[in-house]
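**Student:** Right, I'll just put the structure down here and ask away after.
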Amino acid sequence: MRIAITARHLKLTPAIRTYVEEKFQKAQRYFNHIVWTQVVLSVEKRNHEAEVVVHASRQTFRALGKGADLYAAIDLASDKIDSQLKKYKERLKDRHRAEEPEIVSALPAEAAGSIRFSVIKQVPMRPMTREEAAAQMDALGYTFWMFQDQGSKHVQVIFRRLDDSYGLLQPVKWNGK
C-alpha cells in the first residue's frame, strides 16, 4: 500500500512521517484490498487536523480527525478509518454468506413433519455437455448429477438406471393442469 503524506502550514518531520505510516499500515490488517492512502496534515492556529482518504477496490473511505496536537488528530483519524474498514468488511462477509435454501416438501402436511431435509452438498454449476456430466458423475461415484446444459443453458439431471444406461431429467413449463 502506498501512503502519500501532505503537510499544510507545518514541516513534515521524519518522526511524524513514520508515525503516520505505522498508524495507517495497520489498516491493511482489517482490509487487504487497499490501493493507496492519502493523508493531509494541517495546522491553523491551535487546531491540528489530519484528513485521511483511503482508496480501496470499489470503495473510498474518508475520515477527519481534529485534536489539540498533531499526534492526537492522527490517532483519531486512524481510529475512524479502522472502524469504517471493519464495518465495510463485515458488510462484505454478510453479503457473501451462503444462505441455506428453503426446501418445500410436496408431501401432505402430516407426512412432512416426520421427514427431515437438509442440504447435503452445494455444487457450483458450469455449462457442460451430457457426456461430460456423465463422465463427472462416474468419476465421483454418484448415481445422479445435476448440471447446466451447454446448449440450452437449462438445469438438467443425469442419472444411472438399473440396466447401467443413463436417464436424463429435463425441465419443462408446468401448465397448471
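**Student:** Roughly what would the spin-label model give for E131 and A4, points 7 Å off Cα along C-beta, in nm?
**Tutor:** Distance between the two pseudo-spin positions: 5.6 nm.
**Student:** Moving on. Taking 29 Å as the cut-off for C-alpha to C-alpha distance, list the pairs among K66/K89; K87/K153; K66/K93 that go past it.
**Tutor:** K87/K153; K66/K93, as the Cα separations exceed 29 Å there.
**Student:** Based on the alpha carbon coordinates of the chain, what radius of gyration and maximum Cα-Cα distance (Dmax) apply, in Å?
**Tutor:** 29.0, 90
**Student:** Moving to a separate point now. Let's test the formula: R0 of 25 Å, r as the Cβ-Cβ distance of Y19 and K45. What FRET efficiency results, to the nearest 0.05? Show your work: numbers first, answer last.
**Tutor:** Values: r = 22 Å, r/R0 = 0.89.
E(calc), rounded to 0.05, equals 0.65.
**Student:** Could you identify which residue out of Y88, Y166, Y19 has the top mean-square fluctuation in a GNM of the chain using Cα springs shorter than 10 Å?
**Tutor:** It is Y166.
**Student:** For an R0 of 45 angstrom, estimate the FRET efficiency from the Cβ-Cβ distance between R161 and R62 and round to the nearest 0.05.
**Tutor:** On the way: r = 63 Å, r/R0 = 1.40.
Given R0 = 45 Å and the Cβ-Cβ separation, E is 0.10.
**Student:** Which value, in Å³ per residue, describes the convex hull spanned by the Cα atoms of the stretch 118-169? Before the final figure, lay out each step's value.
**Tutor:** On the way: hull volume 4.8 nm³, N = 52.
Taking only Cα atoms, the stretch 118-169 has a hull volume of 92 Å³ per residue.
Each reported figure results from applying straightforward, stated rules to the coordinates on display, with no laboratory input. Values in this document were obtained by computation on a predicted structure and should not be read as measured data. Glycine gets a Cβ as well: all are built from the backbone with ideal geometry, and neighbour counts include every protein chain shown.
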